[in-house]
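The values are calculated or read from the model by the stated rules, or taken from the named source; none is laboratory data. Just so we're clear, the structure is a prediction, and the values are computed from it rather than from any experiment. For neighbour counting, all protein chains shown are included, and Cβ atoms are generated from backbone atoms with ideal geometry for every residue, glycine included. Areas reflect the complete protein model, heavy atoms only, side chains present, ligands, DNA and RNA absent. Shrake-Rupley method; radii C 1.70, N 1.55, O 1.52, S 1.80 Å.
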Protein chains: 2
Amino acid sequence: MDIDQYRAMLDTALEEARTGLAEGGIPIGAALYHADGSVLGSGRNRRVQEGDPSIHGETDAFRKAGRQASYRDTIMVTTLAPCWYCSGLVRQFGIGTVVVGESVNFAGGLDWLREAGVRVIDLADERCIDMMRDWIAANPALWNEDIGEECHPG
Amino acid sequence: MDIDQYRAMLDTALEEARTGLAEGGIPIGAALYHADGSVLGSGRNRRVQEGDPSIHGETDAFRKAGRQASYRDTIMVTTLAPCWYCSGLVRQFGIGTVVVGESVNFAGGLDWLREAGVRVIDLADERCIDMMRDWIAANPALWNEDIGEECHPG
């Protein structure tokens, strides 16, 4: 698997994120791929669309992939570094590789995953970085809600 | 909040687990409570019932509770110690307290949560211990699938 293949997979996640943005949602998308290059499932954050705080991009892609006997040869591709919740998902199910579009706007659990032996590839994709930076700047309260940060306006 | 109140909350989670068992599912239930004693949501593992690997007891209870501005004063009650996925959920959203029915059959991320400052109460409930032990003994393949363990029959 070379970097261009990972970039092509990221395009699937980015398309999901852009769909979420167009829906008025939080623009984070993900896709679960098999190492053979086939997509098992893709999804996006739907906190706003469905009023469901449990649907992050990664958990949605994982759900859409259905029941799998093994995740060792799967690749979770996501536009933004996974939070603890989604990092825990990766670790519990033994997803072998995580590809993130960026970790500038949110670093998540990447170091923890690396320490647990997960292969982590950070594509530092400018499209992802710009999209998330602009969205967070315009929607700080919603962003804080999505990552469980409480705001205390001073 | 005294131990009897936690035990009463566990009854809600145990009822969910028993419903799951009757449905042919994995018998793990959970409930998210507010510290004022009101239940925000309850749920159960529904991997089998819905073919959805993302629905653990804790994530289902979290979903059922809907969007919340803060989780600091909430209590996640679950019949079995939370796996990394569900421990990550607790940590990301700052759920203040976790009450587990048992951690004998599965220890999950309890130590990690304690280190992160989460208050953890283990009720060591015999009903939960017996139910899960018996179920795992009868369903080893399904149990391993639910926690992402690969079986290699020798």
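Closest approach of a chain A Cβ to the axis relating A and B (residue, whole Å): A:G88, 1. What's the Cα-based Rg to Rh of the stretch A:21-120, Rh via Kirkwood? Expressed as Rg/Rh, it is 0.95.
Helix screen, chain B: DSSP H segments with Cα axial length of 20 Å or more and mean Kyte-Doolittle hydropathy at least -1.0 are B:3-22.
Only protein heavy atoms count here; under a 1.4 Å probe, B:M1 has an accessible surface of about 90 Å². Cα gyration tensor of the protein assembly as shown, axes a ≥ b ≥ c as square roots of the eigenvalues: rounded (a/c below 1.5), prolate (a/b > b/c) or oblate? Here the protein assembly as shown falls in the oblate category.
What is the list of residues in the stretch A:85-99 whose amide nitrogen lies under 11 Å from a point 7 angstrom out from the Cα of B:A116, following Cα to Cβ? What the label zone holds, given the 11 Å backbone N cut-off, is A:85-89. A Förster radius of 41 Å, combined with the Cβ-Cβ distance separating A:E23 from A:A124, puts the computed FRET efficiency at roughly 0.95.
Applying a DSSP loop filter and a limit of 16 other Cβ atoms within 10 Å to the GluC sites (Glu not before Pro) in the stretch A:9-70 leaves A:E23. Distance between the 7 Å Cα→Cβ label points at A:D73 and B:D73: 5.2 nm. A:V39 contributes about 80 Å² of solvent-accessible surface, heavy atoms of the protein only, 1.4 Å probe. With the other protein chains left in place, how much accessible area per residue, in square angstrom, belongs to chain B at a 1.4 angstrom probe? Value returned for chain B: 40 Å² of accessible area per residue.
Summing charges over neighbours of A:R91, with a neighbour being any other residue whose Cβ is under 15 Å away from its Cβ, gives -3 when K and R count +1 and D and E count -1. Looking at the stretch A:68-154, the trypsin sites (Lys or Arg not before Pro) that sit in a DSSP loop and have at most 15 other Cβ atoms within 10 Å of their own Cβ are A:R72.
How much net charge surrounds A:G51 when only the other residues with a Cβ under 10 Å from the Cβ of A:G51 are counted, with Lys and Arg +1 and Asp and Glu -1? List each step's numbers first, then the result.
Values: positive: A:R46, A:R47, B:R63, B:R67; negative: A:E50, A:D52.
Net of charged neighbours comes to +2.
Split the accessible area of the stretch A:3-147 by element, probe 1.4 Å, and carbon with sulfur accounts for 47%. When the helices of chain B are scored as -39500 (n - 2.57) per DSSP H run of n ≥ 4 and the total is divided over every residue, the value at 222 nm lands at -12500 deg cm²/dmol. Buried between B and A is an accessible area of approximately 2900 Å², summed over both sides with a 1.4 Å probe.
With both labels modelled 7 Å from their Cα along Cα-to-Cβ, the B:E50 to B:D134 distance reads 2.7 nm.
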